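One structure is given below, encoded as C-alpha cells.
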Amino acid sequence: GAVVSQHPSWVICKSGTSVKIECRSLDFQATTMFWYRQFPKQSLMLMATSNEGSKATYEQGVEKDKFLINHASLTLSTLTVTSAHPEDSSFYICSAKNFLAGGQETQYFGPGTRLLVL
Amino acid sequence: GENVEQHPSTLSVQEGDSAVIKCTYSDSASNYFPWYKQELGKRPQLIIDIRSNVGEKKDQRIAVTLNKTAKHFSLHITETQPEDSAVYFCAASSPFIGYGGSQGNLIFGKGTKLSVKP
C-alpha cells in the first residue's frame, strides 16, 4: 500500500521556538495532503488542507500565521509551528490523498509527530 | 459543513463476542465512509471503507453497513480478539470537486475505545 512518512517523530522544544514537521508520500504523488492535530484521548481534528503549488486551506479556528504550511512538491508538505507554546503540545499527523484502482480516493496517514513544548 | 457523531465512546466486550460501533453524518452529499483503527501512539490505519453506492461491505471479521436514507453507518466486528482492542474512528467525506473547498476532506467521529477482554 501507499506509504507516508513524517519527520521528526518526536520534538521537544522551548516555548517561543519554531518547529518544522515534514510529511512525505514515498511511493506516490500527492497533490493534496492534510494536517491533523490530536490531543490525548481525543479524535483527529483537521487543521488544514495542503494543496501542491497553492495556498493551504485552513479550518475555522486554526491560525494560518501560526501554523505555516508549504506544499512545494508532489511528495512533500511541511507544517511549521511558529512561536510554539505549551498549549501547542499535541500529536500532529499528516495524511496524503491517493487514488486507488478505479479512481476512488483514499487517504493514508503518516506515523505522526509528537510535539512537547516546555 | 459535515458533522459526524460516533457512539459509543467506550465499548467493552468479551473475547469472541461481537462489537458494533455506529456513526451518523449530516451532509447528504457525503459519499465515502472509512473506518480507522488507532493503537496507542500510532497512526490511524484504514481497516475498511464503504462508498455510497454500496449498502454493505465485508472483510473477514469486519463488516460495514451504510444506510443513506438515515445517514448512518456502522462497523461490525465479529469473533473479537484481544488484538482488536484499540480506538476506532469513523469518518465521512463528500466528493472532491476542486481545490479551495472542504469537499473531499475527512471529518472524523470522536472515536470509540474498544476493549476486548480475554
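Computed from the coordinates by the stated procedures, all read-outs in this text should not be read as laboratory data. This one's a predicted model, so the numbers in the text were calculated from it and none came from an experiment. Note: ideal-geometry Cβ built from the backbone for every residue, glycine included; neighbour counts use all protein chains shown.
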Might you report the magnitude of the Cβ-based charge dipole of chain A about its Cα centre, with Lys and Arg at +1 and Asp and Glu at -1, to the nearest 20 debye?
-> 200 debye
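Counting DSSP beta bridges with both partners in the protein assembly as shown, what percentage is antiparallel, nearest 5? Don't skip to the answer; put the middle values down first.
Values: 73 of 82 bridges.
The antiparallel fraction comes to roughly 90 percent.
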Across the residues of B:43-49, average count of Cβ atoms on other protein chains within 10 Å?
-> 5
Any idea how far apart B:SER26 and A:THR80 come out in nm if each label point goes 7 Å out from Cα toward Cβ?
-> 3.5 nm
10 Å Cβ neighbours from other chains, averaged over peptide B:107-113 | 3
Remind me, relative contact order of chain B in percent, using alpha carbon pairs under 8 angstrom and six or more residues apart?
-> 36 percent
Placing each pseudo-label 7 Å from Cα in the direction of the beta carbon, B:ASP17 and B:ILE62 end up separated by a distance in nanometres of 2.1 nm
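Quick check: from the Cα gyration tensor, does chain A come out rounded (a/c under 1.5), prolate or oblate?
Details: a/c = 1.87, a/b = 1.69, b/c = 1.11.
Judged from the Cα gyration tensor, chain A comes out prolate (a/c at least 1.5, a/b above b/c).
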Net +/- balance of residues flanking B:TYR88 in space, Cβ distance below 12 Å, scoring K and R +1, D and E -1 = +2
When a footprinting reagent is the concern and you count Cβ atoms within 10 Å, what order do B:LYS117, A:LYS55, B:LYS22 take, fewest first?
-> B:LYS117, A:LYS55, B:LYS22
Most mobile listed residue (B:ALA92, B:ALA70, B:ALA29) in chain B, GNM with C-alpha springs under 10 Å = B:ALA70
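Please give the average number of partner chain Cβ atoms lying within 10 Å of the Cβ of each residue in A:42-48, rounded to a whole number. Intermediate values should be presented prior to the final figure.
Working: counts 4, 13, 11, 2, 5, 0, 1.
Per residue, the number of nearby Cβ atoms from other chains is 5 on average.
Given a Förster distance of 30 angstrom, what is the FRET efficiency for A:LEU118 paired with A:HIS7, based on the Cβ-Cβ distance and rounded to 0.05?
Details: r = 21 Å, r/R0 = 0.69.
Efficiency at R0 = 30 Å is approximately 0.90.
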From fewest to most C-beta neighbours within 10 Å, the residues B:LEU40, A:LEU76 line up as B:LEU40, A:LEU76
Pulled fully out, how much extra length does the chain show between A:GLU63 and A:LYS20, if you take 0.36 nm times their separation in residues and subtract their Cα-Cα distance?
-> 13.9 nm
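So which GluC sites (Glu not before Pro) in the stretch A:34-74 are both in a DSSP loop and have at most 12 other Cβ atoms within 10 Å of their Cβ?
Working: sites: A:GLU52, A:GLU59, A:GLU63; in loops: A:GLU52, A:GLU59, A:GLU63.
Taking the stretch A:34-74 and a limit of 12 other Cβ atoms within 10 Å, the loop GluC sites (Glu not before Pro) found are A:GLU63.
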